[in-house]
Amino acid sequence: MRVVYGGLAILFVLAFVGAGVGTGFGSSFNIGELFNGGGSSKTFTAEVQKAEKRVKREPSSAAAQAALTEAILHQSSESEYSNQNTGGFTGKGQKLIAKAQRSWEEYLRLEPKSPSSSLAKRMAAVLGEEGISQPKAEVAALQIVIAAEPPSAHLYAALAQYAYQAGNTRQGDLAAEKALALAPKSEHARLKGELAALKKNGGRLPSSGSSAAEGAAGGTEEG
């Protein structure tokens, strides 16, 4: 299979694995498809309203808060929020995902010891550069995913990237070391250079501007 390092491509892995769809990197990827087949004519307003009412009834329930987060993420797949041309979020979608982040963070407050790794995967897919670009929150979500998944160079490389973006150099260095230790030998030299570039440029590959998409595409090799 293809081994791809770089922020957006790594989050593609998270996204598709989290949704149980596989690990393809095709250009037809749409972030809304993570949650319910982007652009679906179905609306989730009632689902969100029901979840919000449950949270009001059960303000101390982590399960209720998780259900609200899930409902908001489902709603983000609607065409009003998910741009079918770019595969990203509309302006309204950005605001909706910010709402999902607030709900997610409240869930983490209520469930600090054993948060859902599947929900963390979904949040990791929208908190990164292709979503609302919240590196500190992205780091927190990735840490939950990493704790629940088998050791992965992809995940540690993603953690290094977003730790650097969040200004946590020490955490980024530790994650980068782990990514290198887990990477195939054939990928080691290239990944080392890419991680060094990420550190130097605050978590962004220099050839990609504000996104790691181009670096990911250019750094694809057969593994």
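Here are some notes:
- Integer Hz, Karplus 6.51/-1.76/1.60 couplings in order for the stretch 48-56, x for Gly and Pro: 5, 4, 4, 5, 5, 5, 5, 4, 5
- Rounded to the nearest 20, the size of the Cβ-charge dipole of the stretch 34-142 about its Cα centre is 340 debye, with Lys and Arg at +1 and Asp and Glu at -1.
- Pairs exceeding 21 Å between alpha-carbon atoms, taken from 136/185; 50/99; 50/113; 99/178; 95/136; 121/199: 136/185; 50/113; 99/178; 121/199.
- Rel. contact order, % - alpha carbon contacts under 8 angstrom, at least six apart, the stretch 132-204: 32 percent
- Karplus-based coupling profile of the stretch 62-79, in residue order and whole Hz: 5, 5, 5, 5, 5, 5, 5, 4, 4, 4, 5, 5, 4, 4, 5, 7, 5, 4, with θ = phi - 60° in 6.51 cos²θ - 1.76 cosθ + 1.60 and x standing for Gly or Pro.
- Computed over the stretch 90-151: relative contact order in percent, which uses C-alpha pairs under 8 Å that are six or more apart: 32 percent
- Under a 5 Å amide H cut-off, with hydrogens placed 1.01 Å from N, residue 89 pairs with 83 among residues at least 5 apart or on other chains.
- Principal axis analysis of the Cα atoms in the stretch 41-115 yields extents of 39, 23, 16 Å, listed in decreasing size.
- Per residue convex hull volume, Cα atoms of the stretch 86-185, in Å³: 107 Å³
Only the coordinates and a few stated rules stand behind these numbers; no lab work does. It should be emphasised that the depicted structure is a prediction, and the values quoted were computed from it without experimental measurement. Here Cβ is always computed from backbone atoms with ideal geometry, including for glycine, and neighbour counts include all displayed protein chains.
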